[in-house]
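J.: One structure, as C-alpha cells, below. Some questions next.
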Amino acid sequence: MTGPARLPARDFGEIRLAEALERGLCPVCDARQEAVYAALRGLAREGATDRGLRAQMDDGLGFCQIHSVGLARMELLQTSSQLATAVLLDAVLRRRLKAMKKAARGDASGQARWLGEHADQRCPVCAGADEAARTTARRLLELSADAAWARSLGAAEICLADLYVVWAAAAGATKEVQARWSAIVAVQLERLEGLETMLAEYAHNSTADRRHLITDEQQRAAAASIRLFGGSPDRDRNR
Ligand SMILES: [Zn+2]
Ligand SMILES: [Zn+2]
C-alpha cells in the first residue's frame, strides 16, 4: 500500500499504474490482465473475420488452455453466444489436424522432434500479456525517478514473478536506474522478510491444537503470500 499522497501521473497508463499500486495490486499483473481482456474482447468481436489472424494461424498460431476458455467466456458475456469462438477454434483445429496427420506419418524420432517444436501453443493473448508486462516494467523503471513513485514501488505488493521481471529489466538498464532499483529491491526484500516471519508463525499455529492462536496479522500474511505467488489481478472484473 502507498501513503496517503497521490502519485503524480501524466497520462492514462500512469494513472492506471498508480491506481493499481494504491489498491494494493501488483501493477504488472494488472497491466497483463488489462492486455488479456482487451485481446479477448477484440477476438470475440472481430477475430472470426480477421484475415491477418487467419494468416498467423497458417504459421502455427493457436490458443492456450486458459485463453481458449477466456475467449469463450468473454464472447458469451458480450454477445450471449459462442459463435466466434467456435469459428476460431475450428480454424485452429483444422490447421492443427493437418499438421498432426503429417507428423503421425513420420517415424518416432521425427514425431518426438515435431512434438518438441510444437509444444508451445503460440497463443497471441499470452504474447500480448507478456508484451504488456515488459512495457510496464520499463515504465516503472522510468517512474521510479520520482521519489513518491520510488517509495510506493518499495512498499507495493509486486508479485514474486513480476518482481523478478522488473528487477531483471532494472539490472539491464543504466547505472542510474540500477542504483534506484537496488534501493527499491532492498525495501521489497525487507517487506518479504516481514511477510515470511508472519507466514511462518501462521504455519506454526495452523495445527488443530494451536488454531485459536492465529492472529489477524498472521491471517493477512497467509492471504498476502498467496497473492505474492499467484499474482494479484482484480478477480471481480468481468469486462
Ligand atoms: Zn504480478
Ligand atoms: Zn494464452
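J.: Per-residue ellipticity at 222 nm for the chain, helices alone: DSSP H runs ≥ 4 residues times -39500 (n - 2.57), over residue total, nearest 500 deg cm²/dmol?
T.: -24000 deg cm²/dmol
J.: Of 99, 38, 71, which is farthest towards the positive pole of the stretch 27-104's charge dipole, taken about the Cα centre with +1 and -1 on the beta-carbons of Lys, Arg and Asp, Glu respectively?
T.: The one lying farthest along the dipole's positive direction is 99.
J.: Under a Cβ-only charge scheme (Lys and Arg +1, Asp and Glu -1), can you give me the dipole magnitude of the stretch 12-230 about the Cα centre, in debye to the nearest 20?
T.: With only Lys, Arg, Asp and Glu charged at Cβ, the dipole is about 1060 debye.
J.: Quick one: helix 27-46 against the long Cα principal axis of the chain, what's the angle to the nearest 10°, folded into 0 to 90?
T.: 30
J.: Whole-Hz Karplus ³J(HN,Hα) for the stretch 139-151, in order, using 6.51 cos²θ - 1.76 cosθ + 1.60 and θ = phi - 60°, x for Gly and Pro?
T.: 5, 5, 4, 5, 5, 5, 5, 7, 4, 5, 5, 4, 4
J.: Further question on the same structure: Kindly provide the trypsin sites (Lys or Arg not before Pro) of the stretch 59-148 that DSSP labels as loop, not H, G, I, E or B, and whose Cβ sees at most 13 other Cβ atoms within 10 Å.
T.: 105
J.: Still on this structure, I have one more. Run through all the Cα pairs of the chain and give the fraction in each 10 Å bin from 0, expressed as whole percent.
T.: 7, 24, 25, 23, 16, 5, 0
Read-outs: derived from the displayed coordinates by stated rules, not from any lab. Nothing here was measured: the structure is a model prediction, and the numbers come from that model. In this analysis, Cβ positions are derived from the backbone assuming ideal geometry, glycine residues included, and neighbour counts consider all displayed protein chains.
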